[in-house]
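The values are calculated or read from the model by the stated rules, or taken from the named source; none is laboratory data. In this text, all values refer to a predicted model and were calculated from it rather than measured experimentally. Cβ coordinates were reconstructed from backbone atoms using ideal geometry, including for glycine residues, and neighbour counts include every protein chain displayed.
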Amino acid sequence: MGMDGWYRRAVLRAADREPVRRLLESRGMGWGVERFVAGHTLQEALEQVRRLQDQGLLVTLDLLGESVRERAQAEEVCRAILHMQDEIRRLGLQAHVSLKLSQLGLLIDEAVCAEQMEQIAGRAAALGQFVRIDMEDSSLTAPTLELFEHLLSRHGSGHIGVVIQSYLRRSYNDVDRLTKLGANLRIVKGAYREPPAIAYPDKRDVDAAYLRLVQLCLDRGTYVAAATHDSRLIREIIRRIHSSGITPDRFEFQMLYGIAGALQRQLAGEGYRVRIYTPYGEQWYPYFSRRIAERPANLWFVLKNLLRP
Ligand SMILES: Cc1cc2nc3c(=O)[nH]c(=O)nc-3n(C[C@H](O)[C@H](O)[C@H](O)COP(=O)(O)OP(=O)(O)OC[C@H]3O[C@@H](n4cnc5c(N)ncnc54)[C@H](O)[C@@H]3O)c2cc1C
C-alpha cells in the first residue's frame, strides 16, 4: 500500500473514534467546514446553486446524512428530498439530487428504503428531473445496485443513476452489466476504508481502473459522469473523447463543492458540462472527514483552524 492509502486509512479510522467526532462536532460549522459544505439549510444551499450557475456550472444537491437507523427519520429525509426536488423545479435551477440509500433506510430494511426511493424516483420522473444514488462502503454495494436496477427498470436512465467506485475489484463486471442496461453512471475512485481483498490498495491501480471504466461507458454509448479532480485523468479522458469523436452531450465532469474551483471553471469555459456536487445540512461530519482523508494538506487546514482561538 502506498503512502496515500496509509494516510487515508489512518484518518478515516481516527475520524470514527467517538472523542474525535465529539470534539470536531462541538465546534459547529464555522471553522473551515464551510469550505466543503454549502450551508446548514436548503435556503443557503440554493443561494450557492445560483452562484455556481452564474459561473456556467451545473449542480447536484445533496442533503447530508447517512447510516439512519430509524424508520421515522428515513421518512423525514424522504420528505426533505421531495421538497428539494420541488424547490429546484419552482426556481427553475439547473440542478438535480444526489442521495445515499443509508439515509433512506437501507440499514433498517431494504423494503423501507425501496418505499422511500419509489417516491423520490417517481417525483423525479414527474418533474423531468434526475436522481443520483451515491455509493457507500462495500457492505452496501450489492443491495444498492440491486435496488438501483429495480428503479432503473421502472423509471429509466433519464431519471435515475448510480455511482461506481474504481477502487473496487468487482466494478468492471458491474459497469459491464449496467451499461448493457443503458445505465447512467458516475465513476469515482472511492472514498471509504476497504480491505485489499475487495479494493486495490495501490493508487496506480485505482487510476488505471478509473480510465478503463470510463472508457467502457464511452464505448457502450451510455451517459457517463467522470467525477474526479485528477487533472491528469481529466486530460486523458478529453483526449480519448476527441479522438473517438464523442460529442459533449454524452458525458459530464463532476467535482466537489470547494475543491479545484479553478479547474471547474476552466473546463466549463472550454465548453464541457461540469456539475458540482453541493452538500448541505447538519450531518456534515462523515462527509467532512472523507474530504480530510483525501489530502494531507486538508489535515493541516483543520489543525490550523482548531488551534485558532
Ligand atoms: C462529484 C463527486 C461525487 C462523488 N461521489 C462519491 C460516491 O458516491 N462514493 C464514493 O465513494 N466517493 C465519491 N466521491 C469521492 C471520490 O471517490 C474520491 O474520494 C475523491 O473524488 C478524491 O479523488 P480524486 O478523483 O479527486 O483523485 P485524487 O487522486 O484523490 O486527487 C487528485 C487531485 O485532486 C485534488 N483533491 C482531491 N481530493 C481533494 C480534497 N479532499 N481536497 C482538496 N483537493 C483534493 C488534489 O489536487 C489531488 O491531487 C465523489 C467525488 C466527486 C468529485
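The listed residues are Arg250, Arg291, Arg240, and the only one of them that is more than 17 Å from Leu52 (Cα to Cα), touching a residue at least 12 places away in the same chain (Cβ under 8 Å) and within 9 Å of the ligand (Cβ to nearest atom) turns out to be Arg291. Given the structure, is Ala80 in contact with a Cys (Cβ under 9 Å, 6 or more places away or on another chain) and not in a loop (DSSP other than H, G, I, E, B)? No; evaluated as a whole, the condition is false for this residue.
I need the full set of residues from segment 175-189 which are touching a residue at least 24 places away in the same chain (Cβ under 8 Å) and not β-branched (Val, Ile, Thr), in order please. I'd like the intermediate steps shown before the answer.
Initial filter on segment 175-189 (touching a residue at least 24 places away in the same chain (Cβ under 8 Å)): 175-176, 178-189.
Those that are touching a residue at least 24 places away in the same chain (Cβ under 8 Å) and not β-branched (Val, Ile, Thr): Asp176, Leu178, Lys180, Leu181, Gly182, Ala183, Asn184, Leu185, Arg186, Lys189.
Among the strands (runs of 3 or more DSSP E) lying completely within segment 137-232, list those that include at least 1 residues that are surrounded by fewer than 18 Cβ atoms within 10 Å (Cβ to Cβ) and modelled with pLDDT under 95. Before you say what the answer is, go through the steps one by one.
On the way: elements: 160-165, 184-188, 224-227.
It comes to none.
The condition of being touching a Gly at 6+ places or on another chain (Cβ under 6 Å) and surrounded by 14 or more Cβ atoms within 10 Å (Cβ to Cβ) holds for only one of Tyr280, Tyr272, that being Tyr280. Just one of the listed residues (Leu24, Leu99) is over 21 Å from the mean Cα position of the chain (by Cα), surrounded by 13 or more Cβ atoms within 10 Å (Cβ to Cβ) and touching a residue at least 12 places away in the same chain (Cβ under 8 Å), and it is Leu24. If you take the residues in segment 102-131 that are within 16 Å of the ligand (Cβ to nearest atom) and not in a helix (DSSP H, G or I), which one is surrounded by the most Cβ atoms within 10 Å (Cβ to Cβ)? The residue in question is Leu104.
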